[in-house]
1. Just checking, does region 67-81 include any residue being touching a Lys or Arg at 6+ places or on another chain (Cβ under 9 Å) and open to solvent by less than 20 Å² (accessible area, probe 1.4 Å)?
2. Please give the number of the condition Gly168 fails out of (1) within 15 Å of the ligand (Cβ to nearest atom); (2) in contact with a Leu (Cβ under 6 Å, 6 or more places away or on another chain); (3) on the phi > 0 side of the Ramachandran plot.
3. If the requirement is being touching a residue at least 12 places away in the same chain (Cβ under 8 Å), open to solvent by less than 70 Å² (accessible area, probe 1.4 Å), over 30 Å from Glu327 (Cβ atoms) and assigned to a helix (DSSP H, G or I), which of these qualifies: Ala439, Ala412, Ala424?
4. Given the criterion within 24 Å of Val374 (Cα to Cα) and either charged (D, E, K, R) or at pLDDT 95 or above (or both), identify the matching residue among Gly433, Gly410, Gly416.
5. For region 87-142, give me the residue count where each residue is within 16 Å of the ligand (Cβ to nearest atom), aliphatic (A, V, I, L, M) and in a strand (DSSP E or B).
6. Restricting to region 299-328, and then to whatever is buried (at least 22 other Cβ atoms within 10 Å of the Cβ) and more than 13 Å from the ligand (Cβ to nearest atom), can you tell me which residue is nearest to Leu197 (Cα to Cα)?
7. Checking Arg378 against (1) of a type outside the set (Asp, Glu); (2) open to solvent by less than 30 Å² (accessible area, probe 1.4 Å); (3) without any contact (Cβ under 8 Å) to a residue 60 or more places away in the chain, which single condition isn't satisfied?
8. So Ala207 fits all but one of (1) farther than 30 Å from Ala240 by Cβ; (2) open to solvent by less than 40 Å² (accessible area, probe 1.4 Å); (3) part of a loop (DSSP other than H, G, I, E, B); what number is the exception?
Amino acid sequence: MPPTLAQPMNIVGAGLAGTLLALMLARRGLACNLYERRADPRTAAPEGGRSINLALAARGLRALEHAGVMGHIMPLLIPLRGRLIHDSSGATTLQPYGQRAHEVIYSVGRAALNRVLLEEVTRYSHVALRFRHVCLEAAPAANRLRFQDAASGATFATVLRPTVATDGAGSTVRASLLAQNYLQTREDWLDHDYKELTLPAIDGAHALDPHALHIWPRGGFMLIALPNIDRSFTATLFLARSGTPGFAQLSDGAAVMRFFREQFPDAVTLIPDLVEQFRMHPAGRLGSVHAAPWHVGGEVLLMGDAAHAIVPFHGQGMNAAFEDCVEFDLLFERHRDWQSLFLAFEQRRRVHAEAIAQMALENYTEMRDSVRDVGFLRRNALALELERHFPDRFIPRYSMVSFHPEIPYGEALRRGALQAQILAELDARTAPGDALDLALAGRLIDQRLPACGER
Ligand code: FAD
């Protein structure tokens, strides 16, 4: 390791990205101070108000493998084969995510995943974990990083250079750099919020098929549910803040029951304490954060949600944050100093962070609406057929994002647009009931779609 990179590093935020990054760097022998505002989650109850479980896909898996922790993570995972669509009458249809046995995503509990990563980090004595340490400010001009120790109330400062800020979507480090004009940000908040609800186990078993991500798509809004290993499900309602229907209208128990009975009749019976949960659980906001630049010299770098928070509809925020950690770790081998490392990281990742932000937004419409549309379903089936015939050329966009970590997000976005044109053209030229014109498909793909990795 070049001497300048051997300096101890500060990591602010021991969430998903911060712990994984600390683990990767600890394995390289680098000393880290890992600061976290919460209490140690290995001994304290998890905080409420956060997504309880998450979808982990190939990019996240690859990162966990890279960090050598898959053996500890495997027992936490529940494979999901596809989307199970619940229509308004309660009838269900499975839309598989892919067409090969390994093309599944996994439901994983946030708290358990974070705990396992922290446990792994504690095996390295050169990582110092500091819980209940709230970062207050990063000041590059003074080379100072300020904290408050929540236990004593005392504030203290330490040397800023080098710091990686993984303090999440509401990053204090990002806000303090913004206030000092080191960067600019754009925050695009949706006018839809989310609320989580628990579907308890029934007689010790999952109340629904545990190997699917359940969706109740209703056009402008939707309910989804992911399984947990304790056999409960966590459901999330995504709904407009105001308007009809909207969270503002669901202000009393009768309105909540009426809404759920009308919209999600088969789910309502699975949440016995629906009104109580609805009242107690906070509604969370959803948005994308764009910040530029992500780094100030070799002093401080934003990573994960702190740099590029996205809406959760592609299930990729954590996956992208984990991919950040891998990229950083690999770049670490090739750089001599923090400034060039931070710069190279930003140059490499920005285009892909922007691409997944866009695809995540597009997926909201797909999940809450398009999954019910016959044209969408026809084009999806066509995409899978094209993949069977031209597996090295035509890979559905969802699959590129979820199952092909070797295809960067930016390339998935670009190829996805070309593929959408090909699909539209083939769809328009195929009469109902007719077989796909394979010769035409081959020609269009040859003309318009370069091999993966080519421009
Ligand atoms: P976080 O996990 O938010 O960690 C930030 C850490 O910093 C926290 O521990 C926090 O306590 C700490 N911190 C904050 N401020 C300070 C401070 N001032 N001082 C010290 N510490 C601080 N992603 C997926 O890949 N799949 C999904 O299915 C998925 N579903 C989601 C569903 C919802 C409803 C939401 C909101 C998000 C979802 N995401 C999903 C996104 C995912 O949660 C984030 O992308 C991921 O948590 C980012 O990791 P991170 O480490 O950057 O930030």
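The values are calculated or read from the model by the stated rules, or taken from the named source; none is laboratory data. As the structure is a computational prediction, the values presented were derived from the model and not from experiment. Please note: Cβ atoms are built from the backbone with ideal geometry, for glycine as well, and neighbour counts cover all protein chains shown. Areas reflect the complete protein model, heavy atoms only, side chains present, ligands, DNA and RNA absent. Shrake-Rupley method; radii C 1.70, N 1.55, O 1.52, S 1.80 Å.
1. Going through region 67-81, the residues touching a Lys or Arg at 6+ places or on another chain (Cβ under 9 Å) turn out to be 67-68.
Restricting the remaining residues to those that are open to solvent by less than 20 Å² (accessible area, probe 1.4 Å) gives 67.
Yes: region 67-81 contains one or more residues that are touching a Lys or Arg at 6+ places or on another chain (Cβ under 9 Å) and open to solvent by less than 20 Å² (accessible area, probe 1.4 Å).
2. (2)
3. Values: Ala439 fails: touching a residue at least 12 places away in the same chain (Cβ under 8 Å); Ala412 fails: over 30 Å from Glu327 (Cβ atoms).
So the residue among Ala439, Ala412, Ala424 that is touching a residue at least 12 places away in the same chain (Cβ under 8 Å), open to solvent by less than 70 Å² (accessible area, probe 1.4 Å), over 30 Å from Glu327 (Cβ atoms) and assigned to a helix (DSSP H, G or I) is Ala424.
4. On the way: Gly433 fails: either charged (D, E, K, R) or at pLDDT 95 or above (or both); Gly410 fails: within 24 Å of Val374 (Cα to Cα).
The unique qualifying residue is Gly416.
5. 9
6. This residue is Val300.
7. Failed condition: (2).
8. (1)
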